[in-house]
Structures are given as structure tokens and as C-alpha cells.
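A short worksheet on the structure shown next.
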2 protein chains.
Amino acid sequence: MKATYMFGAGDVRVIDVPDHTIQSSTDALVRIVRACVCGSDLHPYHSMGVDPAGTSMGHEFIGVVEAVGSDVRTVRVGDFVIAPFAVSCGTCVFCAQGLQTSCVRGGFWNDAALGTAGGQAEAVRVPLADGTLVTAPVCEDDDDALLDSLLTLSDVYGTGWHAAVRGGVGEGSVVTVIGDGAVGLLAVLSARQLGAEQIVLMGRHQVRTDLGREFGATDVVAERGEEGIARVRELTGGLGSAIVLEAVGHRPAYDQAVGVVRAGGVISRVGVPQYEDAPVGFGSLFGPNVTLTGGPAPVRAYIERLLPAVLEGTVQPGRVFDRTVGLDQTPLGYAAMDAREALKVAVRP
Amino acid sequence: MKATYMFGAGDVRVIDVPDHTIQSSTDALVRIVRACVCGSDLHPYHSMGVDPAGTSMGHEFIGVVEAVGSDVRTVRVGDFVIAPFAVSCGTCVFCAQGLQTSCVRGGFWNDAALGTAGGQAEAVRVPLADGTLVTAPVCEDDDDALLDSLLTLSDVYGTGWHAAVRGGVGEGSVVTVIGDGAVGLLAVLSARQLGAEQIVLMGRHQVRTDLGREFGATDVVAERGEEGIARVRELTGGLGSAIVLEAVGHRPAYDQAVGVVRAGGVISRVGVPQYEDAPVGFGSLFGPNVTLTGGPAPVRAYIERLLPAVLEGTVQPGRVFDRTVGLDQTPLGYAAMDAREALKVAVRP
């Protein structure tokens with residue numbers, strides 16, 4: 001079968017690899033209907049050293065179950081399934097509390113410990129299938145808009161939702177979202193769904209911020225740094241934003257979050273931090289009693305909650321996809337996202 | 001009148017200063033019945049540069065109102081009052097939400113902007129008296145144990161309580177408290193009051209940790225660093241402590257908190273950070289979805305909640321005082337706390 005591998009910075013290729021097989025009684029094999037390229041895939045695309053063995057890529061996909069191990073109970077051959085970006089057992093103490101990203105038996109796609117491969121491929125072996133996969137009452141011939149929206153439940157929609165939930169968004173909330181990538185835009189959509197009254201979107205790409213407005217942003221701030229902070233404070237009554245959702249992951253975005261958050265407020269991060277140390281002392285978080293929260297989204301915990309509105313079409317998170325390529329063209333998808341010509345690229349094997 | 005000033009590291013003196021007067025219609029003058037030395041007073045005691053003008057010291061006191069401005073409504077001459085360590089108006093948006101430490105009109109003791117002096121003195125001028133002071137139905141001749149407990153409501157008890165509240169302590173919680181100073185011990189007491197089931201106290205001074213056990217600690221861990229982290233993890237089922245209350249403020253205590261907290265858990269800090277940057281990235285807070293919260297305690301918000309049990313004597317937070325000195329001996333109080341011969345020193349003018 002064909003699968004996407006990265007061999008170094010900027011070097012993505014689709015190659016032939018052996019077909020996956022069931023290795024454990026709790027495995028499923030899933031033929032992939034749609035996968036996609038994530039903003040976080042661009043980090044190794046910029047920085048990965050040359051590796052002739054390559055790395056299997058992709059952690060978001062939907063597909064059809066083609067085989068199951070003898071102990072799999074909740075998914076059957078022929079089921080249409082959504083795969084979260086984390087593998088989870090569904091029964092441990094962390095899964096029970098909805099923190100599947102910390103599952104004691106689980107892990108991720110392309111995870112050496114689990115022996116998993118990536119989802120930008122024709123098929124994937126899914127360990128712990130009962131705990132990981134969620135079935136959806138659709139078929140692969142349904143329209144692209146619906147499939148695209150289902151695909152966002154693998155990661156970006158659930159991640160935007162996690163930001164909003166951890167940030168404590170509720171009826172009447174004042175929220176600032178930092179970042180106009182797919183996660184930032186879906187954090188806007190999530191905040192709107194949870195009842196936010198004012199949603200300030202910080203981003204400078206008008207096509208994206210226009211979609212952000214359609215998702216529910218009430219204000220857009222294109223300025224960055226001190227100017228952007230001043231503008232958000234002005235828009236939020238001078239005292240700052242009670243809730244800030246940080247969907248970028250670079251240090252300037254963290255500093256922006258600290259700059260716009262109101263005393264007593266919350267910064268909820270879902271952009272994977274590209275830094276380890278940051279200010280947390282009296283002059284940043286401590287003095288004004290600001291809470292810092294967030295992390296990798298346990299999207300598995302949110303899929304059942306978010307699925308009905310997607311199936312009804314009352315929300316259309318799949319609108320973040322603005323390009324679709326065949327599996328052979330996946331490298332072009334990386335290049336388009338890297339050049340910011342595409343917001344998010346779907347891959348159709 | 002006499003007041004305590006610091007003129008440089010290790011140089012604390014009680015000097016004669018002019019009596020305070022009412023300067024604004026919202027002021028009160030309070031004759032001090034008890035003040036005390038705070039662990040945070042030891043930071044300048046170690047590091048302050050020589051300053052011939054000196055700095056007025058003390059931010060915790062109880063006393064009797066001797067005069068009020070014409071607009072003061074809620075306290076009267078002769079009232080016994082508790083003064084929080086922050087001055088607050090009681091009416092702004094932050095005071096209304098119980099975050100008096102961020103009051104838009106307020107500030108602190110010995111605050112140049114407010115023109116306030118410190119409380120290790122015979123008397124203090126209290127700005128914004130209605131928003132700041134809380135009356136208590138006692139008199140200065142009541143027994144020392146009661147007065148000591150009331151004095152903790154100025155800071156250390158409310159600060160321990162803030163740690164527990166911000167940490168989300170409730171019935172059945174598993175809590176680790178880092179630090180066996182007065183705030184750490186009162187964080188233990190607070191966690192117990194809020195229903196915590198297991199309270200691990202990290203501290204190595206047995207007299208203090210014994211008091212911690214009396215306040216409700218179920219386990220004491222004297223080890224520090226990796227050894228201490230391993231011991232706490234062992235005591236908390238291998239996964240770590242869902243709630244960590246950090247009552248020290250030095251970087252090793254932060255690292256300890258990150259080490260013992262469970263995935264999905266909360267680190268609530270009330271020790272004033274003696275650092276600005278710290279790890280918050282994938283390997284510390286983000287990966288395991290750990291929340292970092294806390295800050296200067298808005299003790300004004302908690303006094304009414306905590307006062308009844310203090311008056312009834314069902315809690316005795318004043319037990320953290322293990323020495324009382326006269327105002328003239330305040331410098332000896334600093335020295336005793338600095339040498340760790342005393343846990344917390346009360347000052348009786």
C-alpha cells in the first residue's frame with residue numbers, strides 16, 4: 001500500500017510499504033477515506049534532520065473498518081469510523097475521566113512504543129480499537145462537506161473545543177482567540193457554541209479571519225505585539241479578556257496571551273508549545289492571579305458531544321479545508337500549507 | 001509613634017515617626033493590637049540594598065479604629081478590625097468578583113502610590129476603609145490564642161485558603177502541600193476544611209510538620225528533589241497528586257510541584273515566586289494537561305467565610321505563631337524567623 005513518509009525538512013514522499021495486518025486481538029484495520037495535513041506536521045517539515053528510514057506521517061483520519069481482532073466489541077467490519085489523534089484504551093483511570101491523551105496504555109500515531117504508523121496512507125492498524133475509534137452513521141459516498149467536517153473531529157475541532165472548555169467559556173463570556181489557523185478558527189466556533197458573547201480573533205490573514213467571523217468572531221485584530229495587545233484591551237473595556245485561547249504554540253503567542261488576559265482570567269493553550277520556559281512569575285501570571293491551562297486535546301472525549309450538530313449540518317467545521325489532494329499529491333499539500341497558500345489540506349487516498 | 005523600618009539587608013529598626021492623620025474622607029486610623037512578621041518580609045531582609053530613608057514594614061495586623069473620615073460607613077470608632085494585606089475599594093469590577101488584590105483603586109501596605117505605611121507599628125492609616133477593613137465581635141483583652149487566630153486572617157490563613165480554593169479542593173480530594181511555613185500549614189488546614197481525603201505535606205522541620213499533622217496532613221514527606229517526588233508518587237497510587245498547593249515561592253518548589261502533580265491536575269501557587277521564567281512546555285505542564293493557577297490571595301474575600309469557625313474556636317490557625325515580641329523587639333523577631341528558630345512571630349505594640 002501507499003503511505004506518506006518524511007525523510008527530512010521539506011522532503012515528504014509517498015512510498016510503497018507492506019500492508020498492515022492485525023497484530024493483537026484488540027486491533028482493527030481501517031481503510032482510510034480521508035486524511036489531512038496538520039499545522040503541527042509543519043514543525044518537522046521545517047526542522048527534521050535527514051533520516052533515510054523516514055517517518056510515517058499523519059494523525060487525523062476517517063475511514064472504514066476492514067478487519068478486527070477477536071476481542072474487539074464496539075466496531076465491526078464495514079463501520080465508518082473517526083480516529084482521534086491519540087490511541088486510548090477507554091478503561092484506565094485517565095480515560096474514565098476524559099483525559100485520553102494521558103491513557104496509561106495508549107499513545108499516538110507513528111508511535112514507536114505502540115508500533116503505530118501514520119494516517120496519510122491507504123490504511124492504518126488501530127490498536128485498542130474499542131477505546132480509540134468512534135463510529136459514525138455515514139458512508140464514504142456522502143458529500144465531501146460532511147466528510148470534511150467529520151475529519152475535523154479527529155483533531156482540530158476537538159482541539160478548538162478543548163481550548164474553550166478548559167478556558168471555561170460559557171454564556172456571556174468574553175474570549176480572545178490567538179491564531180487564525182484551523183484550530184484557532186474552530187476555537188472561535190467552539191466558543192460561540194458554548195455561548196460566548198464577545199469573541200476577539202487575533203489573526204492577519206483576511207480569508208481566514210473572514211471565516212472566523214462566519215464561525216462567530218465579533219472582532220478581528222490584525223495587529224501583533226504591543227499594538228495588538230492595546231487593541232484587544234481597548235475592545236474589552238480596558239481590562240483585558242477574561243478568557244484567552246492560544247492556538248499557535250510559539251512564544252510570541254504566549255506573550256500576547258499574557259498581554260491581553262484580564263486579572264483573574266484564564267489562558268487556555270492548545271497550540272503545541274515550541275518553547276519550554278516562559279514567564280510565570282509576579283509580573284506575568286502570578287501577580288494578577290491568571291490561570292494557565294490546556295494541553296493536547298483528549299478529542300476522544302468530545303466526539304459524541306460534537307457529532308450530532310456535524311451530522312445535522314448546523315455546524316460546518318470542515319470549512320477549514322480549502323484544498324483536497326490525492327494521496328500521491330500529499331507532498332504538494334505540505335508545500336501549500338507551508339507557503340500559507342492553503343489553510344488546511346485534505347488527503348483523499 | 002513607633003514603627004518598624006528596614007534600612008537594608010538584616011537591618012531592621014524600630015524608630016519614632018510622626019503620628020498618622022486622616023487624609024481622605026474614606027480613611028480610618030487604626031491603633032494596632034497585634035501585627036506580625038511574614039515569611040515574605042525575609043526576602044528584603046536577605047537582599048535589600050542600603051537605604052538611609054528606610055522602608056516601613058508589615059502587612060498583617062488587627063486593631064481598634066481610633067478615627068474615621070466623614071465618608072466611612074461600615075466601621076466606627078472603637079470597632080475591632082482585621083486588615084487584609086491588600087487595600088481595596090470594595091466596589092470595582094475586581095472587588096465585586098472577589099479579586100480584591102487586583103482592585104483598580106487599591107494597593108498594598110507601604111505602597112508609595114497609596115501613601116500607606118506598614119503595620120509593624122503602633123498605628124496605621126487605612127485608605128478605603130469601608131472596602132478594606134472587616135469588623136470582628138471581639139475586644140483587645142480577649143485571649144491571645146483568639147487574637148493570634150484573628151491575625152492569621154490578615155494574610156496566612158486566607159492565603160492557604162486561596163491556594164486550596166484555586167486548586168479546586170473538595171470532598172475526597174488528594175492534595176500535596178509543598179512547604180511547612182505558616183502558609184503551607186494553613187493550606188493543610190484549609191484543604192482539610194474543604195474535605196480533602198489525603199493531604200501529603202512536604203516539609204522537613206518536624207515541629208512544623210507535627211503541627212501540620214494536627215491540622216490534617218495524612219502523610220509527611222521530608223525528602224526533597226527526585227527522592228521527594230518519588231515518595232509522593234508512591235503515596236498517591238503511582239500517578240501523582242491531582243492537586244498541588246505550592247506555598248514556598250522558590251524555583252525548586254515549582255519543580256517539585258511539576259514533579260508530583262498528576263496528569264490533568266492543578267498546581268495552585270501562593271508562595272510569591274522568586275523567579276520569573278519556569279518550564280511550562282510539553283515536558284512540564286502542557287503534555288499532561290496540568291493547570292497552573294494561584295497568585296496573591298484576595299483574603300478580603302474570605303474573611304467572612306473563615307471568621308465564624310475562628311470565633312467558635314473549632315479551628316485554631318493562630319497556632320502557627322510560636323513567639324510573641326513587643327514592638328521594640330521586632331528586629332529580634334526577624335532574626336528568629338530568619339534563623340528558623342521561630343515559625344511565625346507576632347508583634348504586640
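Only one of B:Ser40, B:Ser47 is out of contact with any Leu (no Cβ under 9 Å at 6 or more places or on another chain), under 30 Å from B:Val320 (Cα atoms) and within 14 Å of chain A (Cβ to nearest Cβ). Can you tell me which?
None of the others qualify; the one that does is B:Ser40.
Only residues that are surrounded by fewer than 16 Cβ atoms within 10 Å (Cβ to Cβ) and in contact with a strand residue (DSSP E or B) (Cβ under 6 Å, 6 or more places away or on another chain): list them for the stretch B:95-122, please.
B:Ala113
Among the numbered criteria (1) part of a helix (DSSP H, G or I); (2) over 18 Å from the mean Cα position of the chain (by Cα); (3) closer than 15 Å to B:Ala253 by Cβ, which single criterion is violated by B:Val200?
(1)
I'm trying to understand the selection: among the residues of the stretch B:266-318, which are basic (Lys, Arg) and touching a helix residue (DSSP H, G or I) at 6+ places or on another chain (Cβ under 6 Å)?
If the condition is that a residue be basic (Lys, Arg) and touching a helix residue (DSSP H, G or I) at 6+ places or on another chain (Cβ under 6 Å), then B:Arg300 is the only one that fits.
Cβ-Cβ distance below 7 Å, separation of 6 or more or different chains: which pairs start in the stretch B:189-204 with a residue that is over 16 Å from B:Val260 (Cβ atoms) and end on one that is part of a strand (DSSP E or B)?
Listed pairs, sorted by first residue: B:Arg192/B:Ile199; B:Glu197/B:Val174.
Mind checking which residues of the stretch B:39-91 are buried (at least 23 other Cβ atoms within 10 Å of the Cβ), in contact with a Cys (Cβ under 9 Å, 6 or more places away or on another chain) and under 16 Å from B:Ser24 (Cα atoms)?
B:Val87, B:Ser88
Of the residues B:Gly287, B:Gly238, B:Gly259, only one is facing chain A (nearest Cβ under 9 Å), free of Cβ contacts under 8 Å to residues at least 60 places away in the same chain and surrounded by fewer than 24 Cβ atoms within 10 Å (Cβ to Cβ); which?
That would be B:Gly287, the only listed residue that is facing chain A (nearest Cβ under 9 Å), free of Cβ contacts under 8 Å to residues at least 60 places away in the same chain and surrounded by fewer than 24 Cβ atoms within 10 Å (Cβ to Cβ).
Please count how many residues of the stretch B:209-235 are within 14 Å of another protein chain (Cβ to nearest Cβ) and part of a loop (DSSP other than H, G, I, E, B).
Qualifying residue count for the region: 0.
Take the residues in the stretch A:262-278 that are closer than 25 Å to A:His46 by Cβ and within 7 Å of another protein chain (Cβ to nearest Cβ); name whichever of them is surrounded by the most Cβ atoms within 10 Å (Cβ to Cβ).
The selected residue is A:Arg269.
Every residue in the stretch B:241-275 that is under 21 Å from B:Phe286 (Cβ atoms) and β-branched (Val, Ile, Thr), please.
B:Ile243, B:Val244, B:Val258, B:Val260, B:Val261, B:Val266, B:Ile267
Return the residues of the stretch A:308-345 that are closer than 26 Å to A:Arg192 by Cβ, surrounded by 20 or more Cβ atoms within 10 Å (Cβ to Cβ) and in contact (Cβ under 8 Å) with a residue 24 or more places away in the chain; say none if nothing qualifies.
A:Val310, A:Val315, A:Pro317, A:Gly318, A:Arg319, A:Val320, A:Phe321, A:Met337, A:Leu343, A:Lys344, A:Val345
With the condition being within 18 Å of B:Pro349 (Cβ to Cβ), among the hydrophobic types (A, V, I, L, M, F, W, C) and touching a residue at least 12 places away in the same chain (Cβ under 8 Å), I'd like the helices (runs of 4 or more DSSP H) fully within the stretch B:96-180 carrying at least 3 qualifying residues.
Ranges flagged: B:144-152.
Kindly provide the set of residues from the stretch B:290-307 that are touching a residue at least 40 places away in the same chain (Cβ under 8 Å) and either within 13 Å of chain A (Cβ to nearest Cβ) or in contact with a Lys or Arg (Cβ under 7 Å, 6 or more places away or on another chain) (or both), ordered by number.
Across the stretch B:290-307, the qualifying residues are B:Thr293, B:Gly294, B:Gly295, B:Pro296, B:Ala297, B:Pro298, B:Val299, B:Ala301.
Do you know which residues across the stretch B:84-95 are over 22 Å from B:Ala136 (Cβ atoms) and not in a loop (DSSP other than H, G, I, E, B)?
Passing the criteria: B:Val93, B:Phe94.
A short reminder: the numbers here are calculations on the coordinates, not readings from a lab. In this text, all values refer to a predicted model and were calculated from it rather than measured experimentally. Note that we place each Cβ from the backbone using ideal geometry, even for glycine, and neighbour counts take in every protein chain shown.
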